[in-house]
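This report refers to the structure that appears directly beneath it.
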Ligand code: CUA
């Protein structure tokens, strides 16, 4: 029951506006339902067949006044809902191209690339934002249509290849807000999870600085072996680790992988044990993902885990 979803637990001004509109619409529908139920009940009782009745009751056709009343009232209600919807849309949707985005989210099969253009920070699947601040997000896709949805924070929005969309991302108070891809996008659509980590300003700054740090490449020991393996095997054809020659953007940036809570866009909790399991055979946990089974030996797995963990210990 922790996560009741957006309507019951709106956590941003945008989601509050949307929840308010939903409640208002439901309330209006309930009023209409009430009037109809009462009218039907009244008519059933008032005009039931009584002893001595014969033939049809009096039929009343073409009552202009009545026609006008039941045309005008629904039109007025629809007009009110239309205006409320417009004002909610204005609150929820940012004017596009207004200013540079604070965040760029790029959908991949099946993970999220998160970029902070002003600082150059790049991470994946976990979006850190300063609580209470309105972040303008540009959403893009590298392959197929995905859909970004964090129910407590706002609306869904598609990530369309070749057509960037914009959304506000705001969390009223610090916390972790969960979301997922909401548009079927292939085998692992279900494992395309989002974590929005909203932090007080100072903590967010600290996180950002941590992400900007370029780690030293370990040279000796098991972590050093892992670094060598990473540079000589196919890892670097897909991934980036800043401070090394690995600069590919096919898979997630691994510079600060150890800092993240999950592996594989939410399939595993990020612990050294799980990272080892993942490296040994990613297909076991995320079948169809583009990270292949590299057929690493146990000692190779251990070295690479030691390397990736060491990057965040400096
Ligand atoms: Cu991406 Cu469904």
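The values are calculated or read from the model by the stated rules, or taken from the named source; none is laboratory data. If you're wondering where the values come from, they're calculated on a predicted model, not measured in any experiment. Neighbour counts are summed over all protein chains in view; Cβ atoms, including those assigned to glycine, are modelled from backbone coordinates with ideal geometry.
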Open item on the list: Checking residue 230 against (1) over 27 Å from the mean Cα position of the chain (by Cα); (2) within 16 Å of the ligand (Cβ to nearest atom): exactly one of these is not met. Which one?
Closed with: (2)
Open item on the list: Testing residue 178 on (1) touching a residue at least 40 places away in the same chain (Cβ under 8 Å); (2) within 16 Å of the ligand (Cβ to nearest atom); (3) part of a helix (DSSP H, G or I), one condition comes back false. Which one is that?
Closed with: (3)
Task: Given (1) in contact with a helix residue (DSSP H, G or I) (Cβ under 9 Å, 6 or more places away or on another chain); (2) outside any helix (DSSP H, G or I); (3) surrounded by fewer than 19 Cβ atoms within 10 Å (Cβ to Cβ), index of the condition residue 214 fails - done: (1)
Open item on the list: So the check is Cβ under 6 Å with 6+ separation or different chains; which pairs have a first residue in the range 285-305 that's outside the structural domain of residue 272 (by TED's automatic domain parsing) and a second one that's assigned to a helix (DSSP H, G or I)?
Closed with: none
Open item on the list: Among (1) more than 16 Å from the ligand (Cβ to nearest atom); (2) within 17 Å of residue 142 (Cα to Cα), there is one condition residue 165 misses while meeting the rest; what is its number?
Closed with: (1)
- [ ] Could you pull out the residue among 204, 184 that is outside any strand (DSSP E or B), more than 13 Å from the chain's Cα centre (by Cα) and within 16 Å of the ligand (Cβ to nearest atom)?
- [x] 184
TODO: Could you tell me whether any residue of the range 78-86 is assigned to a strand (DSSP E or B) and in contact (Cβ under 8 Å) with a residue 60 or more places away in the chain?
DONE: no
Task: Selection count where residues are without any contact (Cβ under 8 Å) to a residue 60 or more places away in the chain, out of contact with any helix residue (DSSP H, G or I) (no Cβ under 9 Å at 6 or more places or on another chain) and within 20 Å of residue 203 (Cα to Cα), scope the range 122-175 - done: 2
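Have a look at 303, 299 and point out the one that is crowded, with 18+ Cβ neighbours inside 10 Å and over 30 Å from residue 130 (Cα atoms). First the steps, then the outcome.
On the way: 299 fails: crowded, with 18+ Cβ neighbours inside 10 Å.
Result: 303 is the single residue among 303, 299 that is crowded, with 18+ Cβ neighbours inside 10 Å and over 30 Å from residue 130 (Cα atoms).
Across the range 218-251, what is the total count of residues that are part of a loop (DSSP other than H, G, I, E, B), in contact (Cβ under 8 Å) with a residue 40 or more places away in the chain and out of contact with any strand residue (DSSP E or B) (no Cβ under 7 Å at 6 or more places or on another chain)? Explain how you work it out, then say what you get.
Looking only at the range 218-251, we keep the residues that are part of a loop (DSSP other than H, G, I, E, B), and these are 218-220, 233-234, 239, 241-246, 248-251.
Subset that is in contact (Cβ under 8 Å) with a residue 40 or more places away in the chain: 218, 233-234, 241, 249-251.
Checking the rest, the ones that are also out of contact with any strand residue (DSSP E or B) (no Cβ under 7 Å at 6 or more places or on another chain) come to 218, 233-234, 241, 250-251.
The total comes to 6.
Name the residues in the range 114-161 that are assigned to a loop (DSSP other than H, G, I, E, B), farther than 20 Å from residue 312 by Cα and away from the ligand (no atom under 16 Å from the Cβ), would you?
Keep residues of the range 114-161 that are assigned to a loop (DSSP other than H, G, I, E, B), which gives 117-120, 125, 131-134, 142-145, 150-156.
Adding the requirement that they be farther than 20 Å from residue 312 by Cα leaves 117-118, 131-134, 142-145, 150-156.
Scanning the range 114-161 gives 117, 118, 131, 132, 133, 134, 152, 153, 154, 155.
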Open item on the list: Can you report the number of residues in the range 255-273 which are in a loop (DSSP other than H, G, I, E, B), farther than 11 Å from residue 309 by Cβ and within 21 Å of the chain's Cα centre (by Cα)?
Closed with: 6
Task: Among the residues listed as 32, 26, 38, 45, the single one being surrounded by fewer than 10 Cβ atoms within 10 Å (Cβ to Cβ) and either in contact (Cβ under 8 Å) with a residue 12 or more places away in the chain or not in a loop (DSSP other than H, G, I, E, B) (or both) - done: 45
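Of 132, 107, 120, 52, which residue is at positive phi and surrounded by 15 or more Cβ atoms within 10 Å (Cβ to Cβ)? Reasoning before the result, please.
Numbers: 107 fails: at positive phi; 120 fails: surrounded by 15 or more Cβ atoms within 10 Å (Cβ to Cβ); 52 fails: surrounded by 15 or more Cβ atoms within 10 Å (Cβ to Cβ).
Just a single option satisfies the conditions, and that option is 132.
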